[in-house]
Amino acid sequence: MTTFADERERLLYQALRIRRVEEHIARIYPSDCIQSPVHLSLGQEAVAVGACAPLRAGDRVFGTYRSHAFYLACGGSLREMMAELFGKATGCAGGKAGSMHLTAPEVGFMGSSAVVASTIPNAVGAALAAQRLGTGAITLAVFGDGATEEGVYHESLNFAALHRLPVLFLCENNGLAVHSHRASRQSYDLMHHARGFGITAEHCASGFDPMAVRALVEMAAQALRAGAGPRFIECATYRYAEHVGIGDDHDVGYRSPADCAAWRAHDPLILEAARLERFEAAIAAEIADAVTFAAASPWPEPDALLRDVA
Amino acid sequence: MGLAYRIEESATLVTYRDALWRTMHDALARDPSVIVMGQGVDDHKGIFGSTTGLATTFGATRVFDVPLAEDGMTGVALGAALGGLYPIQTHIRCDFALLAVNQLVNMVAKYRYMFGGRFRVPMLVRTVIGRSWGQGAQHSQSPQALFAHVPGLVVVLPSAADSITATYDALIGEKQVPVISFEHRLLYDVAFRAPASAPEWPLAPLGSILRRRGRDVTVVATSILVLEALRAAEHLARTAGIEVEVIDLHCASHPDREMILGSVARTGRLIVADTSWCAYGVAAEICRLVCEHDPSALRAPVTTIGMAPAPCPTAKTLEDLFYPSLRRLSDEIAALARGTRQHGIELPAEASMADVYKKFKGPF
């Protein structure tokens, strides 16, 4: 059992674990044992662990195709995630989801979609159910800045605000939609936009700091549980890897290595590497176990092809 | 007006609208997880009378108006279903459901399968096919094939009060599958005879329904064209002794293959009459079924009947040409039964079907 000096160290450990998992995915990806597009969260781990820390049993999280971090931060099984990436029957979705549709309903991670913004209204609907059924649970809708351009995002904010639903809209703003910068896509300010619906909006400039994210989400969660209506939080963050795949594309011209260096200069997983060193061996062993489990697991049986269609 | 199937004199009359209202009411009364959400469900018109007063009876938290945001509201319904509610979502025209195609096709249809069976999506989307009085290109479409094409969605087209009752009562709160229903606006006022006892035909909520037995021609029909096929069958039986078998396809996504193939094996002649376009649609799909499984059963080429291959025009003269008529349906059946277009059988007078259904209130 891993023990921690404090909550900050616990969250840094979680972020480190996610980073090492994804670095390992990148390492083994060229072997083609993972036959699925991977959208890595490298650089964005702190948002996930900070946001999930205040959640309770029964709360729900809806994610995106870039959800390795949120799946693990929610407590999803690493073995089942790795097996899912390998396309094995023991994966969290029996090999039908791959990296882009991770799910772990047993810990409240409800699913993730490869169509941008598509799970946002689902999160609002889950919040509607929680409100109508009086469960006291809250729902977290996680999305990137690009998703805010989709019509369904605006529809979701409106309905959630109208019915004062217990949903937190959490934007991971890495400033990029694939290779497009916000300046070429958005006429609006995210915070002002959310406030236009009467939604309390907060901004976290230090998305590299899991405690900063945690504090804002904790405050929002309290308001949600008190029935104060939906909340919006924008977390500034940075994507180290390319949009999809394992490469570093700072050399192709759409973003500069200097931007990356500036962000890495704040990254506690780098700055505090020495302090976190004591966790590395256990994390490496856990990853090795998950990969062994995935590799040794069976492929889905042929009859799985037509199972669970309707 | 000819009646196609056996009338029980003791039967009471139920309109399509009444059946809808009753199923909505009873579902809300029976199951506290049921909610009804849609534009205008709580107004004085209540989705053509099918939800009138229910918000008052069951409260605004269970029957509520929604923003004009079809995709978002479909996503909300999906999320609510995942969260333990049974949502019934309405679209007063099925054309508006096309705004929700992303949620319906990418999310609702896939939520169970894509996540390895970890979730169920129990929900009903009610949509209404519009027709007549210049509904035009965007208030008249009948896109059942678009949705039936997608694995994971269940698509039904209730043609009568009994299929609404049987289907909705069996589905709502019970079946853990997403269902899209295409109701027909012209049927809302039509009264149907509710049998005092159980119907003699099996009425599977998600299957097809044998509406009339006959030895000469099989007509597989959807929605209001089931009634038109029954009227044509009655006319041809009376005037020419032609006996038409009428299969109400009902569940476009899961047609009763055995029923259709068995019927075609007996009659050797098939007409498919669908409320939509024939190309790539229900008509094409039924032909695929027969061609793949038993093409030798056919003693003549198949005839398909549907909307003309154009958007729906507004001018009544064009609109009446756009839709298949009772006269045309009768003519096609007679030609197929006799093996010649010069069949010499007296046909019903040419009349606008819309006019007929506006005046004709049943009973069927």
- Query: Among the residues of the stretch B:270-289, is there at least one that is over 21 Å from the mean Cα position of the chain (by Cα), assigned by TED's automatic domain parsing to the domain that holds B:LEU230 and buried (at least 17 other Cβ atoms within 10 Å of the Cβ)?
  - Reply: no
- Identify the residue in the stretch B:137-163 that is free of Cβ contacts under 8 Å to residues at least 60 places away in the same chain and hydrophobic (A, V, I, L, M, F, W, C) and, among all such residues, is farthest from B:HIS91 (Cα to Cα). B:VAL150
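Got a sec? Which of A:TRP263, A:TRP299 is among the aromatic types (Phe, Trp, Tyr) and under 30 Å from B:PHE119 (Cα atoms)?
Details: A:TRP263 fails: under 30 Å from B:PHE119 (Cα atoms).
Just one listed residue meets the conditions, A:TRP299.
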- Message: Between B:ILE333, B:ILE305, which is part of a helix (DSSP H, G or I) and aliphatic (A, V, I, L, M)?
- Response: B:ILE333
- Item | Residue selected from the stretch B:42-52 under the condition under 18 Å from B:ARG126 (Cα atoms) and not charged (D, E, K, R), by the criterion surrounded by the fewest Cβ atoms within 10 Å (Cβ to Cβ) | B:GLY49
- In the stretch A:218-257, how many are of a type in the set (Val, Ile, Thr) and either surrounded by fewer than 17 Cβ atoms within 10 Å (Cβ to Cβ) or over 20 Å from A:ARG19 (Cβ atoms) (or both)? 3
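Determine, yes or no, whether B:GLY262 is part of a loop (DSSP other than H, G, I, E, B) and free of Cβ contacts under 8 Å to residues at least 12 places away in the same chain.
On the way: part of a loop (DSSP other than H, G, I, E, B): no; free of Cβ contacts under 8 Å to residues at least 12 places away in the same chain: yes.
When the stated conditions are applied, B:GLY262 does not pass them.
Every residue in the stretch B:18-32 that is within 14 Å of chain A (Cβ to nearest Cβ) and surrounded by fewer than 21 Cβ atoms within 10 Å (Cβ to Cβ), please. Walk me through how you get there before you give the answer.
Initial filter on the stretch B:18-32 (within 14 Å of chain A (Cβ to nearest Cβ)): B:28, B:31-32.
Listed by number, the residues that qualify are B:ASP31, B:PRO32.
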- Within the stretch B:29-64, residues farther than 18 Å from B:GLY173 by Cβ, part of a helix (DSSP H, G or I) and of a type in the set (Gly, Ala, Ser) come out as B:GLY46, B:GLY49, B:ALA55
- Where A:ALA69 falls short, out of the listed (1) under 25 Å from B:GLN103 (Cα atoms); (2) in contact with an Asp or Glu (Cβ under 7 Å, 6 or more places away or on another chain); (3) away from every other protein chain (no Cβ under 12 Å); (4) touching a residue at least 60 places away in the same chain (Cβ under 8 Å): (4)
- Exactly one of A:ALA215, A:ALA201 is more than 14 Å from chain B (Cβ to nearest Cβ), part of a helix (DSSP H, G or I) and over 17 Å from the mean Cα position of the chain (by Cα), and that one is A:ALA215
- Query: Residues in the stretch B:201-219: is at least one within 14 Å of another protein chain (Cβ to nearest Cβ), under 25 Å from B:LEU78 (Cβ atoms) and hydrophobic (A, V, I, L, M, F, W, C)?
  - Reply: yes
- Task: Test each condition in (1) over 20 Å from the mean Cα position of the chain (by Cα); (2) touching a residue at least 12 places away in the same chain (Cβ under 8 Å) for B:THR317 and report the one that comes out false.
- Result: (2)
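If we keep just the residues of the stretch B:109-131 that are among the small types (Gly, Ala, Ser) and buried (at least 20 other Cβ atoms within 10 Å of the Cβ), which is farthest from the other protein chains (Cβ to nearest Cβ)?
Narrowing the stretch B:109-131 to residues among the small types (Gly, Ala, Ser): B:109, B:116-117, B:130.
So of that shortlist, the ones also buried (at least 20 other Cβ atoms within 10 Å of the Cβ) come out as B:109, B:116, B:130.
Numbers: B:ALA109: 8, B:GLY116: 3, B:GLY130: 24 Å.
Result: B:GLY130.
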- Note on the structure: If we ask which residues in the stretch B:56-103 are within 11 Å of chain A (Cβ to nearest Cβ) and under 14 Å from B:LEU124 (Cβ atoms), their number turns out to be 11
- Task: Determine which single condition B:GLY207 fails, assuming it passes every other condition in (1) modelled with pLDDT of 95 or more; (2) within 30 Å of B:LEU28 (Cα to Cα); (3) within 14 Å of the chain's Cα centre (by Cα).
- Result: (1)
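So which strands (runs of 3 or more DSSP E) are wholly in the stretch A:108-176 and hold at least 2 residues that are within 12 Å of chain B (Cβ to nearest Cβ)? Outline the logic, then answer.
Details: elements: A:109-113, A:139-144, A:167-173.
Per the criteria, A:109-113, A:139-144.
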- Of those in the stretch B:153-177 that are surrounded by 22 or more Cβ atoms within 10 Å (Cβ to Cβ) and within 14 Å of another protein chain (Cβ to nearest Cβ), the residue farthest from B:TYR323 (Cα to Cα) is B:LEU171
- Item | Spans of helices (runs of 4 or more DSSP H) in the stretch B:77-195 with at least 2 residues outside the structural domain of B:ALA308 (by TED's automatic domain parsing) and aliphatic (A, V, I, L, M) | B:144-148, B:161-171
- Return the only residue of B:THR56, B:THR74 being more than 15 Å from B:LEU104 (Cβ to Cβ), among the β-branched types (Val, Ile, Thr) and assigned by TED's automatic domain parsing to the domain that holds B:ARG118. B:THR56
- Per the list (1) crowded, with 24+ Cβ neighbours inside 10 Å; (2) of a type in the set (Val, Ile, Thr); (3) closer than 24 Å to A:CYS92 by Cβ; (4) more than 7 Å from every other protein chain (Cβ to nearest Cβ), residue check on A:THR103 breaks on (4)
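The values are calculated or read from the model by the stated rules, or taken from the named source; none is laboratory data. None of these values were measured; they are calculated from a predicted model. As a convention, Cβ positions derive from the backbone with ideal geometry for all residues, glycine included, and neighbour counts pool all protein chains shown.
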